[in-house]
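Here's the structure we're looking at; comments come further down.
The values are calculated or read from the model by the stated rules, or taken from the named source; none is laboratory data. Quick caveat: nothing in here was measured; it's all calculated off a predicted structure. Every residue, glycine among them, receives a Cβ derived from its backbone with ideal geometry; neighbour counts consider all protein chains shown. For accessibility, only protein heavy atoms count, side chains too; no ligands or nucleic acids. Shrake-Rupley method; radii C 1.70, N 1.55, O 1.52, S 1.80 Å.
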Amino acid sequence: MGLRDLALIVLFAAIIAALGWVPKVDLPFAAGVPITAQSMGVTLAGVMLGARRGALAAALFVLLLLFGAPLLAGGRGGLEVFAGPTAGFILGFIPAAFVSGYLFDRWSLRLGMFGAAFLASVVGGYVLLNLIGIPVLMAVNGTGLDEAAVTALSLLPGGLLKALATGVVSYVTRPDKVAGTEAGV
Amino acid sequence: MISNYLGRETWLHRMPAGAKLAALAILSVVILPVDDWRALVAALAGVVLLYASLGKEAFKRLAMIRSFAVLLAIIAALHLLAGTWQEAVAAVARLVMMILLADLVSMTTTMQAMMAALTPVLTLLRPFGLNPRKLSLAVSLAIRFIPVLSANWEARSEAWRARTGRRPSFRLLGPFIADTFRIADHVAEALDARGVARSRRGGREWG
Amino acid sequence: MPDTVSPYLRFDNVSLGRGARTVFDGFSASLGERRVGLIGNNGSGKSTLLRLAAGLLLPDAGEVFVEGLETKTHRGELPGNVGFLFQNPDHQILFPTVGEEIAFGLTEKGMTDAEANAAARELLAANGCEGWEKRAVHELSEGQRQLVCLLSVIAPEPSVLLLDEPFSSLDLPTRLDLSDRLRALPQAVVMASHDFEFLSAFDRLLWLDDGRVREDGRPATVIAAYEASIRGLKTARRA
């Protein structure tokens with residue numbers, strides 16, 4: 001892994017953290033799962049840096065939380081995050097970044113920057129993240145399937161909006177040009 | 001700026017980070033299977049006393065549980081609908097206790113101590129290509145650049161407001177990300193100039 | 001131009017392209033004076049020259065020697081001998097606190113963490129920054145950050161300092177303060193700058209133009225030639 005890869009991983013972890021300053025939205029039906037810009041930072045890292053470096057950026061962010069940095073939207077952080085019901089969403093950041101990056105790289109030639117980034121973000125940042133986050137939420141809260149469905153549905157508009165934004169940003173910045181390849185990472 | 005750390009030193013600060021993490025792990029394993037609401041409430045009272053033993057500042061930190069209020073209310077409601085009030089009390093008490101115990105460790109352990117305690121665990125990942133020294137460098141770099149990127153974003157939003165009179169839009173994200181790539185080039189160069197990852201005798205191992 | 005007895009920096013027929021552009025094509029120069037300045041328009045090759053000297057860039061053809069070390073084969077040893085001060089402190093400070101930033105180069109040189117922290121404390125105290133080691137870098141002013149950069153670069157005691165327009169974003173008082181500190185340094189200094197007042201006390205100036213040395217010698221002569229050429233250009237354009 002080169003120094004530029006290291007720098008990019010660090011800076012995208014910092015971007016995910018900095019997006020925590022964007023105010024979070026708490027929805028009444030989302031079982032306490034807030035809508036934050038941070039999950040967008042996660043898919044953005046995957047799309048911009050590729051699967052491996054993107055996942056490492058997300059992992060670095062999670063590690064910072066573990067070490068006690070209060071970087072989550074609303075100023076939370078530390079071990080208590082991993083003891084709480086949204087732990088699955090936080091840990092899910094890592095595979096979400098990986099999958100978004102992987103799918104973007106596979107689709108970008110056929111679908112173009114915008115389409116590939118949008119769809120990759122929907123799959124990685126919405127579908128996969130909820131597939132990991134909601135079961136953990138259910139297990140901790142002891143809730144049933146219909147509650148899970150309501151949570152997933154209430155998070156859908158935010159998820160689509162964030163995927164849209166990721167698509168536009170990719171269209172503007174052209175990750176295929178600026179990020180370099182992942183070869184030898 | 002970025003730490004949950006409680007400034008004033010208490011007896012819990014002086015305990016080694018590794019011991020605190022081990023205690024937290026053991027307590028989690030013990031608490032999770034308990035179903036008796038009386039036992040859980042008693043244990044929760046014990047945790048609250050622990051906060052009190054750390055002084056007024058720490059005790060005030062109990063208020064942070066409020067950020068979980070919506071969630072706790074939903075859990076309580078669901079358990080009340082599906083089961084008994086005893087189950088609701090037990091579920092809420094268990095969760096609150098886990099969160100408070102974890103926060104207790106976070107607020108009395110510096111990031112450096114936490115890193116030092118967790119590094120041996122992370123070293124186990126070495127066969128998978130993880131270099132502990134590179135990792136600690138990455139953590140420091142991230143903490144260093146979070147305020148830099150925030151300031152960069154702020155400056156951009158300000159320029160946007162000055163020229164349009166409107167609220168910053170997500171259209172600023174594009175140039176912001178592009179700028180981040182430029183900063184990455186500078187950071188990589190600065191790391192190189194300081195000798196990181198250049199092969200050299202007598203220097204630290206970067207692998 | 002003054003004779004150089006033992007040059008610490010030598011460029012031997014160096015060629016380098018960056019992207020599609022050729023920056024240097026058979027460039028040769030030898031620097032041995034304690035204070036050498038590089039002037040010239042943006043894009044003339046000043047920054048690239050400094051980066052070649054630090055081993056940040058390696059020549060496509062030809063050789064660069066720093067203290068007798070060829071940069072391609074001795075890249076790993078260069079950071080101990082050469083300190084590099086970049087234009088923007090925000091992009092080169094790597095650590096969240098002042099102490100860590102300064103100690104880093106020392107641990108890289110082989111000191112233990114405790115030794116490095118003690119040395120950093122001493123260096124800060126000796127430079128009028130007592131007790132700064134715990135301070136967060138992002139809470140310092142721009143000038144203070146550039147000072148931290150300078151101290152972290154000189155902490156491992158390199159013999160040559162390369163400075164790439166270090167004053168460009170500083171206000172006047174900080175610029176003067178930093179100038180005084182630079183003047184007092186024992187190291188050899190090669191500095192790219194547009195600050196002719198500061199450069200006028202240097203031993204030698206090189207005026208770079210499109211990857212070549214256009215003028216080389218005492219500051220007064222070189223600066224006068226550079227300024228005359230720019231004025232001449234302007235008059236020619238107006239005519």
If I filter region B:7-59 down to residues being among the acidic types (Asp, Glu) and over 22 Å from the mean Cα position of the chain (by Cα), which single residue comes out as least open to solvent (accessible area, probe 1.4 Å)?
B:Asp36
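Tally time: how many residues in region A:123-144 are open to solvent by 30 Å² or more (accessible area, probe 1.4 Å) and either within 14 Å of chain B (Cβ to nearest Cβ) or of a type in the set (Val, Ile, Thr) (or both)?
Initial filter on region A:123-144 (open to solvent by 30 Å² or more (accessible area, probe 1.4 Å)): A:123, A:126-128, A:131-132, A:135-136, A:138-140, A:142, A:144.
Subset that is either within 14 Å of chain B (Cβ to nearest Cβ) or of a type in the set (Val, Ile, Thr) (or both): A:123, A:127, A:132, A:136, A:138-140, A:142, A:144.
Residues meeting the conditions: 9.
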Would you be able to say whether some residue in region C:73-88 is polar (S, T, N, Q), under 21 Å from B:Ala151 (Cα atoms), open to solvent by 10 Å² or more (accessible area, probe 1.4 Å) and in a helix (DSSP H, G or I)?
no
If you scan region A:63-90, which residues turn out to be surrounded by fewer than 21 Cβ atoms within 10 Å (Cβ to Cβ), within 19 Å of B:Val121 (Cβ to Cβ) and either touching a Cys at 6+ places or on another chain (Cβ under 6 Å) or more than 8 Å from chain B (Cβ to nearest Cβ) (or both)?
A:Ala87
I'm told B:Leu71 meets every condition in (1) over 16 Å from B:Leu100 (Cβ atoms); (2) within 21 Å of the chain's Cα centre (by Cα); (3) surrounded by 12 or more Cβ atoms within 10 Å (Cβ to Cβ) except one. Can you identify the failing condition by its number?
(1)
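Residue-wise test of (1) at pLDDT 80 or above; (2) among the hydrophobic types (A, V, I, L, M, F, W, C); (3) over 12 Å from the mean Cα position of the chain (by Cα).
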{"residue": "A:Ile16", "(1), (2), (3)": "yes, yes, no"}
{"residue": "A:Lys24", "(1), (2), (3)": "no, no, yes"}
{"residue": "A:Met40", "(1), (2), (3)": "yes, yes, no"}
{"residue": "A:Ala45", "(1), (2), (3)": "yes, yes, no"}
{"residue": "A:Val81", "(1), (2), (3)": "yes, yes, yes"}
Only one residue in C:Gly143, C:Gly110, C:Gly131 is open to solvent by less than 70 Å² (accessible area, probe 1.4 Å) and over 26 Å from B:Val148 (Cα atoms), so which one is that?
C:Gly110
Candidate set from region B:157-173 (those that are closer than 14 Å to A:Leu19 by Cβ and open to solvent by 30 Å² or more (accessible area, probe 1.4 Å)); member that is farthest from the other protein chains (Cβ to nearest Cβ):
B:Pro168
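To keep it simple, each residue is scored yes or no on (1) more than 9 Å from chain A (Cβ to nearest Cβ); (2) open to solvent by 20 Å² or more (accessible area, probe 1.4 Å); (3) at pLDDT 85 or above.
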{"position": "B:Val92", "(1), (2), (3)": "yes, yes, yes"}
{"position": "B:Thr108", "(1), (2), (3)": "yes, no, no"}
{"position": "B:Met114", "(1), (2), (3)": "no, no, no"}
{"position": "B:Phe128", "(1), (2), (3)": "yes, yes, no"}
{"position": "B:Arg144", "(1), (2), (3)": "no, no, yes"}
Confirm whether A:Ala116 is touching a residue at least 12 places away in the same chain (Cβ under 8 Å) and either within 11 Å of chain B (Cβ to nearest Cβ) or in a helix (DSSP H, G or I) (or both).
yes
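Being small (Gly, Ala, Ser), part of a helix (DSSP H, G or I) and either at pLDDT below 80 or closer than 19 Å to A:Gly41 by Cβ (or both) is the filter here; which residues of region A:142-161 pass it?
In the first step, residues of region A:142-161 are kept if they are small (Gly, Ala, Ser); the result is A:142, A:144, A:148-149, A:152, A:154, A:158-159.
Those still in the list that are part of a helix (DSSP H, G or I) too: A:148-149, A:152, A:154, A:158-159.
Correct list: A:Ala148, A:Gly158, A:Gly159.
Please specify each residue of region C:12-56 satisfying the condition of being at positive phi and open to solvent by less than 20 Å² (accessible area, probe 1.4 Å).
Keep residues of region C:12-56 that are at positive phi, which gives C:13, C:19, C:26, C:40, C:43, C:45, C:55.
Residues satisfying the conditions are C:Gly40, C:Gly45, C:Gly55.
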Is it true that C:Leu9 is away from chain B (no Cβ under 11 Å), within 17 Å of the chain's Cα centre (by Cα) and either open to solvent by 30 Å² or more (accessible area, probe 1.4 Å) or touching a residue at least 12 places away in the same chain (Cβ under 8 Å) (or both)?
yes
Is it true that C:Gly62 is in a strand (DSSP E or B) and crowded, with 22+ Cβ neighbours inside 10 Å?
no
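Checking the structure you have, find out if any residue of region C:187-196 is part of a helix (DSSP H, G or I) and either open to solvent by less than 10 Å² (accessible area, probe 1.4 Å) or at pLDDT 85 or above (or both). Outline the logic, then answer.
As a first pass, look at region C:187-196 and keep what is part of a helix (DSSP H, G or I): C:196.
This time we only want the ones that are either open to solvent by less than 10 Å² (accessible area, probe 1.4 Å) or at pLDDT 85 or above (or both), so: C:196.
For region C:187-196, residues part of a helix (DSSP H, G or I) and either open to solvent by less than 10 Å² (accessible area, probe 1.4 Å) or at pLDDT 85 or above (or both): present.
Name every residue in region B:78-88 that is open to solvent by 50 Å² or more (accessible area, probe 1.4 Å) and either more than 25 Å from B:Leu27 (Cα to Cα) or under 29 Å from the mean Cα position of the chain (by Cα) (or both), in order of residue number.
Correct list: B:Leu80, B:Leu81, B:Ala82, B:Thr84.
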If only one of C:Glu77, C:Glu100 is under 18 Å from the mean Cα position of the chain (by Cα) and facing chain B (nearest Cβ under 7 Å), which one is it?
C:Glu77
Picking from B:Leu122, B:Leu135, which residue would you name as being under 13 Å from A:Leu60 (Cα atoms), away from chain C (no Cβ under 14 Å) and at pLDDT 75 or above?
B:Leu135
I want to confirm something. Restricting to region B:174-205 and keeping residues that are open to solvent by 20 Å² or more (accessible area, probe 1.4 Å), more than 7 Å from chain C (Cβ to nearest Cβ) and within 16 Å of B:Leu137 (Cα to Cα), which single residue is modelled with the highest pLDDT?
B:Ala197
Hey, any hits in region A:94-108 for a residue that's over 30 Å from B:Lys134 (Cβ atoms) and more than 11 Å from every other protein chain (Cβ to nearest Cβ)?
yes
Per the filter on region A:145-170, residues without any contact (Cβ under 8 Å) to a residue 24 or more places away in the chain and surrounded by 17 or more Cβ atoms within 10 Å (Cβ to Cβ) are A:Ala148, A:Ala152
Quick one: A:Leu3 ticks every box in (1) modelled with pLDDT of 95 or more; (2) farther than 24 Å from A:Thr143 by Cβ except a single one, so which number is it?
(1)
